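Beneath this line is the structure, given in structure tokens, with notes to follow.
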Amino acid sequence: MNLYHYYDSMVGPFKNLSDIPIEEANKILREIAENKPDVQCAKRQTDYMENRLYYENILRTEFLKKGGLIKRKAPHYMVLEKSPWLSTWFENCAFIKIPIEKFDLRTVSFTYGDSHPTFSTKVNDGKEYRKKLYTYEEILKIIDKYGFPQDWNDDGKYGPERYIEAHIWSDDVIQEYVN
């Protein structure tokens, strides 16, 4: 299996908004909304960064409970296997594909779908993978049961899950791809 990271080729990969002060991150998001209003990430709500930090705290707490190894404050985001929908998010979309075997799996957690709706109090459909974070071995069992969301819900018609989100809690492999 492979992990994919989608990004704007004019900006570069793994530019993590959670690594910079929230005011600076919000400024970048406002600039994207003003300068590229048609791209998907320009449509984020104004409190996106506050929500993101809130959900990242949940991810961190839940991963620690599972014995996860956390080497950075906020995760880098990737998805398990290709996501046609995410390829539409950026004006100059590019992606990096990394075999999962390159990672120390003790530093990678997963949600079945994006972590925001997964842990949101607004999504209460009773699906077993809501409000849950998984290790690699655990997400494989969920995939066996439900398949990949991008195969059955790429358009979002059946709920918010469109891909399996991977949270990379280390820079060890990522640093090879930054430049």
Listed by range, strands (runs of 3 or more DSSP E) wholly within the stretch 74-126 having at least 2 residues that are within 25 Å of residue 64 (Cα to Cα) and more than 13 Å from the chain's Cα centre (by Cα) are 93-99
When residue 111 is run through (1) buried (at least 16 other Cβ atoms within 10 Å of the Cβ); (2) in contact (Cβ under 8 Å) with a residue 24 or more places away in the chain; (3) more than 14 Å from residue 168 (Cα to Cα), the failure sits at (3)
Q. In the stretch 130-141, is there at least one residue being of a type in the set (A, V, I, L, M, F, W, C), within 27 Å of residue 12 (Cα to Cα) and surrounded by 20 or more Cβ atoms within 10 Å (Cβ to Cβ)?
A. no
Among the residues of the stretch 22-42, is any hydrophobic (A, V, I, L, M, F, W, C), under 15 Å from the mean Cα position of the chain (by Cα) and either assigned to a strand (DSSP E or B) or modelled with pLDDT under 95 (or both)?
yes
Going through (1) farther than 20 Å from residue 130 by Cβ; (2) among the hydrophobic types (A, V, I, L, M, F, W, C); (3) assigned to a helix (DSSP H, G or I) one by one, residue 59 fails only at (1)
For residue 98, the lone unmet condition from (1) modelled with pLDDT of 95 or more; (2) more than 19 Å from residue 21 (Cα to Cα); (3) surrounded by fewer than 17 Cβ atoms within 10 Å (Cβ to Cβ) is (3)
Among (1) surrounded by 13 or more Cβ atoms within 10 Å (Cβ to Cβ); (2) out of contact with any His (no Cβ under 9 Å at 6 or more places or on another chain); (3) at negative phi, residue 13 falls short only on (2)
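The values are calculated or read from the model by the stated rules, or taken from the named source; none is laboratory data. None of the values given here were measured: they were computed from a predicted structure. Neighbour counts are summed over all protein chains in view; Cβ atoms, including those assigned to glycine, are modelled from backbone coordinates with ideal geometry.
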